[in-house]
Amino acid sequence: MTQTDLSTSPYLASAYANDRAHVFHSWSAQGALAPTVIAGARGSRMWDDKGHSWLDFSSQLVNVNIGHQHPKLVAAIQEQAARLCTIAPFHANDMRGEAARLIAELAPGDLDVVFFTNGGTDAVENAVRLARGHTGRHKVLSTYRSYHGATGTSITLTGDPRRWGNEPGAAGSVKFWGPYLYRSAFHATTPAEECERALEHLAAVLMVEGPHTVAAILLETVVGTNGILVPPDGYLHGVRELCTKHGIVMICDEVMAGFGRCGEWFAVDRWKVTPDLITFAKGSNSGYLPVGGVVISRRIADTYRDRVFPGGLTYSGHPLACASIVASIGIFKAERIVEHARDLGAQVIGPELQKIMGRHPCVGEVRGLGVFWAIELVRNRKTREPLVPFNASGADAKPMAEVMAACKAGGVWPFSHFNRLQVTPPCTTTAEEAREGLAAIDKALEVADRYCEG
Ligand SMILES: Cc1ncc(COP(=O)(O)O)c(C=O)c1O
């Protein structure tokens, strides 16, 4: 592995200064930023311009599922660039057709038509548009503790504080509580109880909203950023039944959970549930190029056989992005990456996290599957008081900032959100790399232990 990939870049030396002078960053007060200059990345590791390197345990924004700079994926993009860089969405194209065919083949049930987008948020926007057109209804139900994207409808449907700065949002959004046993909204004490009560709650919300006014129920199959909330067995089936009963479109947002992250092609496969629409993006090509999409059931696609679908994008089905999806799916299959992610979670990450929990009073719960795990940090295991308050910032967030600094000093860069460290390495991470990164997290958690009471 070379650590000098960008050393020949004429712009590396001025990267930081140019960033601070001219780059406007997402979700940030611009003055407070001091971004790390990443000089290169390979597999599960990345490094900066000063010789520091880290295991990328957040897969950037939980999207680099295949690892950094997979040579076959890079080559496929280079080959496609030499063949045909771009073509309008109204033409047919070999790579777009093949990418759609492959995704349809992997998707469950009658989901066999794909609308390609530029990323995750527009996948959600268009899934909602499809559902509204199909049902002739407007309302969409989504959960608290969710993220669906930063554009108009997606941010309105998002159930986390990123919505607050965007309110008032679009009309027709209703929120409900999804299952989260550790902090149960239903006072449940077992997964079965949580499942039953969460479904009763959803049925009650539907009753008072008027199910005949609801176009779709949108949920992350496994909630990602907001806590890696794995639904209890039976929950997704229950939502499916409610949707079928009331003619409501079930949309599973798998922008983060899909393409290997949960040790399945699609996370719904784990529970053998077939929604009506699945959104995807990140892991479908590991973010090597921007892309996303909606996998559409034949029934919903047929709604638009004679009726015009009122949506489109200049880059829908971009050939470079589609070539990267085709190559990525091929590599996943050849290298058995989905199976590897499943085994890594079951045999290494899960058991190691349990051991870590046993060693640290600051760990309230560990949960997850595949390469999708959360470590929930608390000040007190009995009361479950979080290490930092909900949506903490500034001085309130200091304990988490210190834990993250200790992780980075130890050579691992996990994902951090509220009071949680989230362990989401590439699906291709080896068992040795996983152990190495978890050992660094283990050590870093001593910082959090100091904040524990009793
Ligand atoms: C579940 C989910 N949906 C949608 C999105 C939005 O995707 P994008 O940032 O590509 O627009 C994200 C991004 O993190 C996500 O995690």
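The values are calculated or read from the model by the stated rules, or taken from the named source; none is laboratory data. Values in this document were obtained by computation on a predicted structure and should not be read as measured data. So basically every Cβ, Gly included, is an ideal-geometry build from the backbone, and we count neighbours across all protein chains shown. Accessible surface areas use protein heavy atoms only, side chains included; no ligands, DNA or RNA. Shrake-Rupley method; radii C 1.70, N 1.55, O 1.52, S 1.80 Å.
Note on K175 and K245: with the Förster distance fixed at 25 Å, the Cβ-Cβ geometry gives a FRET efficiency of about 0.75. What residues of the range 12-34 lie in the reach of a label at A401, counting those whose backbone N is under 17 Å from a point 7 Å from the Cα along Cα→Cβ? Backbone N within reach: 28-34. Using only side-chain charges placed at the Cβ, +1 for Lys and Arg and -1 for Asp and Glu, the dipole size of the chain relative to its Cα centre rounds to 400 debye. Taking the Kirkwood radius as Rh and the Cα radius of gyration as Rg, the range 141-265 has a ratio of Rg/Rh equal to 0.94.
Within the same chain, lysines fewer than 8 places from K408 are excluded, and of the rest, those with a Cα less than 17 Å from its Cα are K50, K398, K443. Remark: relative contact order (the chain) = 20 percent; criterion is Cα-Cα distance under 8 angstrom and separation of 6 or more residues. Surface composition of the range 300-454: carbon and sulfur atoms hold 52% of the protein heavy-atom accessible area at a 1.4 Å probe. Taking 28 Å as the straight-line reach from the Cα of K175, the lysines in range (excluding those fewer than 8 positions away in the same chain) are K139, K245, K272, K282.
Applying 0.36 nm per residue to the separation of A150 and E436 and subtracting their alpha-carbon distance, the gain on full extension is 99.5 nm.
Sorted on the mean count of surrounding Cβ atoms within 10 Å across their residues, most packed first, peptides 164-177, 51-64 read 51-64, 164-177. Largest accessible area first, the listed residues F90, F186 line up as F90, F186 when surface is computed with a 1.4 Å probe on the assembled protein chains. Report summary: the helix-based calculation at 222 nm, which adds -39500 (n - 2.57) for every DSSP H run with n ≥ 4 and divides by the residues of the chain, gives -11000 deg cm²/dmol. Once each part is reduced to its C-alpha centroid, what is the distance from the range 119-163 to the range 173-207 in angstrom? Here the answer is 20 Å between Cα centres.
Take every DSSP beta bridge whose two residues both sit in the chain; close to 65 percent of them are antiparallel. Leaving out ligands, DNA and RNA, and with a 1.4 Å probe, what % of the accessible surface on the range 94-174 is carbon or sulfur? After summing per-atom areas, the C and S share lands at 54 percent.
Farthest towards the positive end of the charge dipole of the range 61-162, among the residues A99, H138, V74, is the Cα of H138, using unit charges on the Cβ of Lys, Arg, Asp and Glu.
The distance linking the range 384-403 with the range 306-376 is 26 Å (Cα centroid to Cα centroid, whole angstrom). Measuring with a 1.4 Å probe in the full set of protein chains, what accessible area per residue, in whole Å², belongs to the chain? In whole numbers, the chain has 42 Å² accessible per residue. With semi-axes defined as the square roots of five times the eigenvalues of the C-alpha gyration tensor, the equivalent ellipsoid of the chain measures 33, 30, 20 Å, largest first.
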